[in-house]
Each structure stands twice: as C-alpha cells, then as structure tokens.
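Down below is the structure, laid out as structure tokens.
Rule-based calculations on the coordinates, nothing more; no lab input. Remember, predicted model here, so these are calculated numbers, not experimental data. All Cβ positions, glycine included, derive from the backbone under ideal geometry; neighbour counts span all protein chains shown.
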Amino acid sequence: MTSKAVLTGTHFMSGDDACAEGGMAAGCSFFAGYPITPATEVAERMARRLPQVGGVYIQMEDELASMAAIIGASSAGSRAMTATSGPGFSLMMENIGLAAMLEVPVVLVNIMRGGPSTGLPTLVGQQDVMQARWGSHGDYEIIALSPSSPQESFLLTVDAFNLADHFRVPVMILSDEIVGHMTEKVVIPKKEEIKIVPRSKLKSGSRDFIPYYPDRNDIPPMVLAGEGFHLHATGLTHDEYGYPLITPEAQERLVQRLVRKIRDHTAEIIRTEELYMEDAEVIVISYGCSARTSQEVVEIARERGMKVGLLRLITLWPFAESRIRELASLKRVKAFVVAEINCGQMVYEVERCAGGKAETVLAGFMGGRIFTPEELFCIIEEVTG
Amino acid sequence: MKQRLIDAPPVTERTGWCEGHGDHPLDRFLKEGRIPHIWCSGCGIGIVFTAFLKALEKGGFSTDKTVVVSGIGCSGRAAGYLNLDTYHTTHGRAIPFATGLKLARPDLKVVVFSGDGDLFAIGGNHIIHAARRNVDLTILCINNFNYGMTGGQGGPTTPLEARTTTTPYGCAEHPFNLIYMAKASGAVYVARWTALHTHELRGAIVAAMNKRGFSFIEAVTPCPTGYARRNKLGSTLDLMRHFRDNSFITDELDPEKTALPFNPKIAVGTFVDIEKPTFLDMYESCIVSKAGGPKRKKQNRNRRG
C-alpha cells in the first residue's frame, strides 16, 4: 500500500526534510511559513509535497502571519504546521499565546541557530529553549520535543501532531542547525503503522453545547469553524461558553485549567532516554545535537572505568522534573553535568530539581559549532576529581 | 497547585437576562444574551454592524457557513455579538488568521470585521499581501480616525493637524488613503460609504461577500467620544449632517483622488469592481495540476441577486 503522503521506505534524508515528511505522514494539510536559515528546507519540501496530496502551502509575509494562518487553518479542521528559526521564532511568540488561549492545536518546528538577534544564521545554537517555554506573555503551558537525529525528527513530528491534537496546545519541535542539516538514514514506516491520534471533537448536530467545557482530563472537545455550532473564540479571558469575562474568577478558572491540562499529564508526555544509568555517579544531561557528542563522551568515560551515565531529554517541556528529583535523591549520584549550546538554560531547571542533593555543573558552549568530546570530557574529569 | 476549581458550576449562565431576544427579525444573527454591546452612545460601529446583519439577511448567507474574524479594538468586539462562528484574534492578525481559515475551508464565507488601526497600522503588512494574493476574503474596515478602545490615540488614518490624546498639538503625519491603498495592493472590489449611507453600505457588503477575491469596504464612522470631541466636531448628529452635506457619490473617481483630508468632501461609492483569479484559483491551475494532486473543494461561486 503506497501513499503519496507517507513515503514508506528507507531514505537518506536531512533532519529538516524529515520534519516535513513527519508532518506529511501525520496528515498535515496546511503549511504557512517564511524563509529563514536553517529552517527553509522544511518549507521548500512542504511547497513541493503538499500540493501532491491536496494540501495547501502558503508563503506568508512574515512569521507573525505564518503563525496566525496555521491557527486559522487548524480552527477550520486542518492539521497545520510552520517552521522557523530564532528571529522568526521571536515573531511567532505573539500568536503562540493565542494558540494556547484558544486551545488550537498547531505544530511549530524551530531549527535553532545561534543568537541573539540575527546571530549565526548558518550555525548551531540551543539558545531558544527557555524562550520556547516562556516566550509569549502570560501563563500557559506548551509541549516541546527535541530530536537528536533525522530519524527522530520524523518520528517526533508525527508525535507532535498527536500531542497537539490530544491536548489542544501548540507543540514545538526544538531541533537545531546540526540535526536539521545532518543527512542520515531515515526509515519511514508503512502508513498503517503510523499512529494517528485524532482530535476529540464535539459531535455536530447538538446546539446545546458549552464549547470550552473540559472533559475529565481538563481538555474541551474541539469545535471547528463551519460545523454549525456558532462558536465564539477570543484571546480575551473567557468563560466555558467562550465569551469574554474580565474577572479574577474567570482568569483563575481558565488559566489554571490551561496549565493543569499539561501539568497533570506529564507522565504520559515526558520521554527521556538513559544510558549506563545503573551505577552512574555523574550524569550527563543533554538534548538535540549536544546529546550525540555527550553519548560519545559517556562511552569514552566508561572505557576508562568512570561511572558516568547519560540522560537524554527527548521531551524538553514539560520538564522531566520527577526523574531528575529521583536521580538526585540517590546516594551514589554525585553530580549532574548539563551539556548544552548556550550560556546555561536547562541547567537551571536541573539545579532546581536537584535541590542541592547533587551538584549541578554547566557544560555550556557558545554556539557556532558543536563542542568536541574532549571539551566535555575535561569538564566531567574535573567533576569526578 | 492542584486546586480543582473546575468542579464549581460555570461562572456565567448562557441565558438569563436576555428577555425579548428573538422579537426583532435581525435577532437571529445575534448571540442570545450578548447585547448590550460595549460601544459608546453615538458610536458609528453599531450602524455598520446593523448594516452587516441586514446584508446577511438580504444576501441570504448561511449562518452556518459564514465566519467572522476580527482583530483588536472597538470594531473587533463585533465578533462576540454575532450568532456565527466568530474568532476574536490578536491585534492586527485577523487577516492572516482568516487566510488560514479560508484556505482550509474554501466553502466558507470569511469576513474580517475590524478597525483602521488594526488593519492598517499593526496589520498593514498583512492587508497588502492578502490583497496582492487575492485571497477570497471580505474586509469590512471601520474608519473612525483614531484608536477608540484605548482612549482616542492618533493612528494611520488620523488627518493632518487633527487632535488626539497622542497628538495634543495636532497630527503631524500624513494619513493613509485606504481606498487608494486597497486598489494599489490588488483588491478586486473596493468601496467606501459613511455611517449615514446604511442602505448603500448593506448593498456593498452583499456585493463584497458575493465577490470572489479580496474585497475591501471602508466605512467612515463617527467616534464622538474619542475623535469628534477633541476636534470639536460636535455630536454624532452633527457628524451625520456633515456626512450628508459633504459626501458625494461617484463610481468614476480615481482612487488616488479619494483621500480624506481634515474637513473634506467625502468621495463615496464603488471604486474598484474587477475580476481576477483568486489565490486558490491560481493554486489549483498553476500548482496542484502540475503536482498531480487531487482537486480541492470548490470555493463558493459568484452569486449575484
């Protein structure tokens, strides 16, 4: 069974292309974007691929518009995505808040490059991690996934659509220039083997409905445009009917639910990968391209008899809080070394969760290149003493 | 952290104090219990809003297949009163939101109902590009020459030397001519009417909604609280008299000559009404056919009558 949307087979493919194919396999039918290095390849592939399956590709005038357009398309029932990098990511912040507030599922790929400002268009960075979590104003939750390979870029993009539709939140793929431009083997499974979690939708026909009345998981079934429900959706604080209600009580009910629908379900969202953890005394925590070098370093350390393990964060947000607390409370665990290409972002989350029970050390590299195994190894050696 | 406030009953009742809803023929286009609206007494938005309701009725547009997207500001609040699918989005982004919605569901009529500041200042980039692409949208722009919601600040349409809270010495910037700009950007239907011309406005909305492509209507409206008061233009009644005495209907005037100076003759009428393939027409004929993709759902056909 061949399908135009799912390119079943073995490919030699870049991380950017794999994100696009992940979207295609997940049934994405709308892409709005704006060219930006190093994420342009995602848009280029979507421009070629979407018309083949009846989807729409549109190049918008900027990233503000791209984000608004995918929220509009998703409100009308399409699975919709965009792709960008740092400067465009900053522009998208405004409407990430809108998607969180209207609870419209969208997928946003950020192929991270070095910043601030125009920074390093063609070179790697991992500096948007905190922006991904906190970049739009107000309180809300999002989900962010971090692939370490093109294969994972494909798989996580499929997962991103499922998570977005299930939880009705914006889901981000926080890839980076190295993973995005790296070309490796990507195996695309058969269409029937790709799990698609559909949106929970309100059944049409019923006029007596409350569009933002949550189910027992705090997630309201979605009402789409053009189904006869006459929904009102607003970015203002609103009640369960969707009508603006500018009171502290309405704010408390709404914002707490927006946050709780993710925080109460972290166990089903968070994924990590562990290596040599059984007896590890020093644990390297890393993600994205940094996790590849980190794994190499952990292997080298093990060869030299050092008790070093690796915790790779696949889900960045919500943060793998309970696992890190658990590890920190083990007597044998002396330190966490957080390897990332920034001046220290996730390290503060790790430090918070470690709660002083284990030392937390930043292995922060400034970007523009991936750190060498030797550079990270030296830091680990210092920690192990 | 795990307070379960959600178990309490919803904070508002949907119905209750809306006795009398349904008695007026246009009430079916209004959400029960949402009126009174927030607009000041004497505000022209209500007149344009009513013209829109009448257009829905006259044009026979399905309330299930018509979607209104609005931005932020006084005009943006119109979405919340309409008994249609309505989206009250972020400031300036109504048009790209509506673009995504229209392209995902070409069978829906999508109307953007917003103000001059939202559409031409913060959203200026979006309106020119949506017009250039000829996305099949109807834009209803309420031009009241200032930012009403935030208390009467100067904006992209504030006339030279006009006083607003942020132009206390008079506005020193040249305003946009919205008609000229819409035409230059590629709109296929461009009209201007004032709040006095309710019938013409209604007719223009029906025509614009039936037009395939990017249609733009400027509704010049009084803002007695924000703009008129500071410029000593009198009450809404005075402004309506002004519209009556100083407007002239023309279908031929070059859009370049339709600018609205401070104390003007106001040119009203239909300035552009042409045919051009829409974004989706071009997408279909130029892209999908070459990509070997399946035909997409048809857009609403031109329906006159």
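Along the Cα→Cβ direction, 7 angstrom out, place labels at A:Thr122 and B:Asp27. What is the inter-label distance in nm?
6.8 nm
Let me know the charge dipole size of region A:207-248 about its Cα centre in debye, to the nearest 20, where only the beta-carbon of Lys, Arg (+1) and Asp, Glu (-1) is charged.
Details: 2 positive and 6 negative charges, 12 e Å.
Roughly 60 debye, rounded to the nearest 20.
Quick check on region A:9-193: take the gyration tensor over C-alpha atoms, sort the square-rooted eigenvalues as a ≥ b ≥ c, and tell me if it's rounded (a/c under 1.5), prolate or oblate. Write down the numbers at each step before the final one.
On the way: a/c = 1.45, a/b = 1.10, b/c = 1.31.
It comes out rounded by the Cα gyration axes.
Pop out the Kirkwood hydrodynamic radius of chain B from its pairwise C-alpha distances, inverse of mean 1/r, in Å to one decimal. Mind showing how you got there, number by number?
Working: mean 1/r = 0.0497 Å⁻¹.
The answer is 20.1 Å.
If the elastic network links every pair of Cα atoms under 10 Å, which of B:Pro106, B:Pro294, B:Pro277 fluctuates the most in the Gaussian network model of chain B?
B:Pro294
Kindly give Rg over Rh for chain A, based on alpha-carbon atoms, with the Kirkwood expression for the hydrodynamic radius.
Radius of gyration relative to Kirkwood radius: 0.98.
Give me the inter-chain shielding for A:91-99: mean count of other chain Cβ atoms within 10 Å, whole number please.
Details: counts 0, 0, 0, 4, 5, 0, 1, 6, 0.
Going residue by residue through A:91-99 and averaging, the value is 2.
Using +1 at the Cβ of each Lys and Arg and -1 at the Cβ of each Asp and Glu in the protein assembly as shown, identify which of B:Ala228, A:Pro150, A:Pro116 lies farthest towards the dipole's positive end.
B:Ala228
Can you tell which of A:Glu184, A:Glu44, A:Glu375 shows the greatest fluctuation in a Gaussian network model of chain A with Cα springs below 10 Å?
A:Glu375
Label B:His37 and A:Met130 with points 7 Å out from Cα along Cα→Cβ: what is the distance between them in nm?
4.5 nm
Efficiency by 1/(1 + (r/R0)^6): what FRET value for B:Leu237 and A:Val255, r their Cβ-Cβ distance, R0 = 56 Å, to the nearest 0.05?
Here the calculated transfer efficiency is 0.80.
Suppose every Lys and Arg Cβ carries +1 and every Asp and Glu Cβ carries -1, with no other charges. What dipole size does region A:9-193 come out with about its Cα centre, to the nearest 20 debye?
In total the dipole reaches around 320 debye.
Sorted by mean Cβ packing within 10 Å, highest first, what order do the peptides A:80-93, A:228-241 take? Numbers along the way, then the final one.
Details: A:80-93: 25.2, A:228-241: 21.0.
The most tightly packed comes first, giving A:80-93, A:228-241.
Please go through the residue pairs A:Lys4/B:Lys295; B:Lys183/B:Lys295; B:Lys54/B:Lys265; B:Lys58/B:Lys102; B:Lys211/B:Lys265; A:Lys4/A:Lys191 and name each one whose alpha carbons sit more than 19 Å apart in this structure. Don't skip to the answer; put the middle values down first.
Numbers: A:Lys4/B:Lys295 15 Å; B:Lys183/B:Lys295 31 Å; B:Lys54/B:Lys265 28 Å; B:Lys58/B:Lys102 23 Å; B:Lys211/B:Lys265 28 Å; A:Lys4/A:Lys191 10 Å.
From the list (A:Lys4/B:Lys295; B:Lys183/B:Lys295; B:Lys54/B:Lys265; B:Lys58/B:Lys102; B:Lys211/B:Lys265; A:Lys4/A:Lys191), the Cα-Cα distance tops 19 Å for B:Lys183/B:Lys295; B:Lys54/B:Lys265; B:Lys58/B:Lys102; B:Lys211/B:Lys265.
Which residue, B:Val190, B:Pro277, B:Gly151, has the largest displacement toward the positive end of the dipole of region B:37-291 when charges sit on each Cβ (Lys, Arg +1; Asp, Glu -1)?
B:Gly151
Ranking request for peptides B:163-176, B:246-259: highest mean number of other beta-carbon atoms within 10 Å first, then the rest in descending order. Walk me through the intermediate numbers first.
Numbers: B:163-176: 15.4, B:246-259: 13.8.
Put in order of decreasing packing, that is B:163-176, B:246-259.
Using 1/(1 + (r/R0)^6) with R0 = 25 angstrom and r between the beta carbons of B:Met282 and B:Thr63, what's the FRET efficiency to the nearest 0.05? The partial results should precede the final answer.
On the way: r = 30 Å, r/R0 = 1.20.
It comes to 0.25.
When Rg is the radius of gyration of the Cα atoms in region A:223-333 and Rh is its Kirkwood radius, what does Rg/Rh come to?
Values: Rg = 21.9 Å, Rh = 17.5 Å.
Here the Rg-to-Rh quotient is 1.25.
Which of the trypsin sites (Lys or Arg not before Pro) found in region A:92-192 are loop residues per DSSP with 16 or fewer other Cβ atoms within 10 Å of their Cβ?
A:Lys190
So how strong a dipole does region A:274-384 carry about its Cα centre when Lys and Arg Cβ are +1 and Asp and Glu Cβ are -1, to the nearest 20 debye?
Here region A:274-384 has a charge dipole of around 240 debye.
Roughly how far apart, in whole Å, are the Cα centres of region A:61-79 and region B:44-85?
22 Å
Between region A:247-267 and region B:214-258, how far is it from one alpha carbon centroid to the other, in angstrom?
Distance between centres, Cα-based: 46 Å.
For A:Ile196 and B:Ile274, what does the FRET efficiency come to when R0 = 51 Å and r is the distance between their Cβ atoms, rounded to the nearest 0.05?
The computed FRET efficiency comes out at 0.70.
Report, as an integer, the average count of C-beta atoms from other chains found within 10 Å of each Cβ along B:123-131. Display every interim value, and only then the final one.
Details: counts 3, 0, 5, 7, 1, 1, 5, 3, 0.
For peptide B:123-131, the averaged partner shielding equals 3.
Among B:54-67, A:304-317, A:284-297, what's the highest-first ranking by average C-beta atoms within 10 angstrom per residue? Could you put the intermediate results ahead of the total?
Working: B:54-67: 18.3, A:304-317: 20.6, A:284-297: 25.4.
Ranked by mean Cβ neighbours within 10 Å, highest first: A:284-297, A:304-317, B:54-67.
Taking only the alpha-carbon positions of region B:210-250 and ignoring solvent, what does the Debye formula give for the base-10 log of I(q)/I(0) at q = 0.23, 0.28 Å⁻¹?
The calculated log intensity ratios at q = 0.23, 0.28 Å⁻¹ are -0.78, -0.97.
Can you list the residues of region B:135-163 with backbone N under 13 Å from a point 7 Å past the Cα of A:Leu236, pointing along Cα to Cβ?
Correct set: B:149-150.
Highest GNM mean-square fluctuation, chain A, Cα pairs closer than 10 Å: which of A:Val223, A:Val255, A:Val106?
A:Val255
Count, for each residue of B:64-71, the Cβ atoms from other chains sitting within 10 Å of its Cβ, then give me the mean as a whole number.
Details: counts 7, 3, 2, 7, 1, 5, 1, 0.
Rounded to a whole number, the mean comes out at 3.
Please list, ordered by chain and number, the residues whose modelled amide H lies under 5 Å from the amide H of B:Ile139; skip anything fewer than 5 residues away on the same chain.
B:Val112, B:Ser215, B:Phe216, B:Ile217
Kirkwood hydrodynamic radius, computed over distinct alpha-carbon pairs, for the protein assembly as shown: how many Å, to one decimal? Please list the in-between numbers first.
Working: mean 1/r = 0.0373 Å⁻¹.
Over the protein assembly as shown, the inverse of the mean reciprocal pair distance is 26.8 Å.
Roughly speaking, what is the stretch gain from A:Asp279 to A:Thr247, that is 0.36 nm per residue apart minus the C-alpha to C-alpha distance, in nm to one decimal? Walk me through the numbers on the way to the answer.
On the way: separation 32, 0.36 × 32 = 11.52 nm, distance 5.29 nm.
This chain segment gains 6.2 nm when fully extended.
Taking amide H atoms as placed 1.01 Å from N in the peptide plane, list the residues 5 or more away in sequence, or in a different chain, whose amide H sits under 5 Å from that of A:Leu231.
Under 5 Å from the amide H of A:Leu231: B:Asp85, B:Thr86.
Counting only other residues whose beta carbon sits under 14 Å from that of B:Lys257, what net charge do I get with K and R as +1, D and E as -1?
Details: positive: B:Lys183, B:Arg192, B:Lys265; negative: B:Asp251, B:Glu252, B:Asp254, B:Glu256.
Taking every other residue near B:Lys257 into account, the sum is -1.
Quickly work out the B:Lys265-to-A:Glu184 label distance, labels modelled 7 Å from Cα along the C-beta direction, and quote it in nm with one decimal.
With each label placed 7 Å out from Cα toward Cβ, I get 7.3 nm.
For the charge dipole of the protein assembly as shown, defined by +1 on Lys and Arg C-beta atoms and -1 on Asp and Glu C-beta atoms about the Cα centroid, which residue among B:Gly60, A:Met346, A:Trp134 has the Cα displaced farthest towards the positive pole?
So the residue furthest toward the plus end is B:Gly60.
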